[in-house]
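Presented below is the structure to which this report refers.
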Amino acid sequence: MSKIKVAIVEDNKTTREGLETIVNLSPDFRCVRTCPTAEEALRVLPELAPELVLMDIQLPNMSGVDCVARLRELLPDVKAIMVTVYEDPDRIFRALRAGASGYLLKRATPEEVLAAMREVHHGGGAMSGEIARKVIGYFREQATAAAAVDQLTAREREVLELVVSGLSNKEIADRLNVTLAAVRFHLKHIYQKLHVHSRTEAVLKYRPAK
């Protein structure tokens, strides 16, 4: 049975060679190309048509996330796993939205890397336990924020929308034709319901929950 073709896009030489060794020592996979930049990957990989790509997120110039999105336009069937040091939910979701099928930390063991590759190749999704916990935590936070926003009255939502737009308390009062004291009253209740202490915190909590 022919081995599954894999490409590696990673700017760090040591990491790139380490991943290449892991891939080539496996009975299931073979590395057909390693690339230090996204630009090189987009130039050479379409012709090689790898079935699976291990992609670093933080590459010089074009990011790994953008590279995955572009690569999937050129190779619609290719599957990508992000292999990175970054654990924050924003990067995770940007990568998944771009079309990545898995997300692993660089400290993952060779066994974990190969298990993720097999899972993704067979149509599944793969991420380390740490990443999975962060994803679950992120969704819980969003659910909590959404529940808090649902408690706002129509007027409080109106005030908060204007805060999000960058208006000052006085500008909000003028826009809604109410007193400055009324705006402050609404903001006090908004802060209480969203469990925040400032305009910035209120905006940050409101935006993802909308």
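Looking at segment 171-210 only, could you name the residues that are within 26 Å of the chain's Cα centre (by Cα) and among the charged types (D, E, K, R)? Arg199, Glu201, Lys205, Arg207, Lys210, listed by residue number. Among the conditions (1) within 12 Å of the chain's Cα centre (by Cα); (2) buried (at least 24 other Cβ atoms within 10 Å of the Cβ), Val68 misses just one, which is (1). Residues in segment 144-175 that are among the hydrophobic types (A, V, I, L, M, F, W, C) and farther than 14 Å from His186 by Cα: Ala145, Ala146, Ala147, Ala148, Val164, Leu167. Against the condition farther than 17 Å from Leu204 by Cα, charged (D, E, K, R), modelled with pLDDT of 85 or more and loosely packed, with under 15 Cβ neighbours inside 10 Å, how does Glu161 come out, does it pass? So Glu161 does not fit the description; no. Among the residues of segment 50-77, those that are in contact with a helix residue (DSSP H, G or I) (Cβ under 6 Å, 6 or more places away or on another chain) and in a helix (DSSP H, G or I) comprise Val65, Cys67, Val68, Ala69, Arg70, Leu74. If the condition is being free of Cβ contacts under 8 Å to residues at least 40 places away in the same chain and surrounded by 17 or more Cβ atoms within 10 Å (Cβ to Cβ), then segment 38-56 contributes Ala38, Ala41, Leu42, Leu45. The residues of segment 78-124 that are at pLDDT 90 or above and part of a loop (DSSP other than H, G, I, E, B), listed by number, are Val78, Thr109. Lys79 meets the stated requirement of being farther than 28 Å from Glu141 by Cα and either out of contact with any Phe, Trp or Tyr (no Cβ under 7 Å at 6 or more places or on another chain) or of a type in the set (Lys, Arg) (or both). The numbered conditions (1) in a helix (DSSP H, G or I); (2) under 25 Å from Pro89 (Cα atoms) are all true for Glu158 except (2). Residues in segment 14-32 that are in contact with a Leu (Cβ under 6 Å, 6 or more places away or on another chain) and aliphatic (A, V, I, L, M) were compared, and the one that is surrounded by the most Cβ atoms within 10 Å (Cβ to Cβ) is Leu19. Residue check: is Leu59 closer than 20 Å to Glu119 by Cβ and touching a residue at least 40 places away in the same chain (Cβ under 8 Å)? The answer is no for Leu59.
The values are calculated or read from the model by the stated rules, or taken from the named source; none is laboratory data. The structure presented is a predicted model; accordingly, all values stated were derived computationally and were not measured. Using ideal geometry, Cβ is built from the backbone for each residue, glycine included, and neighbour counts are taken over all protein chains shown.
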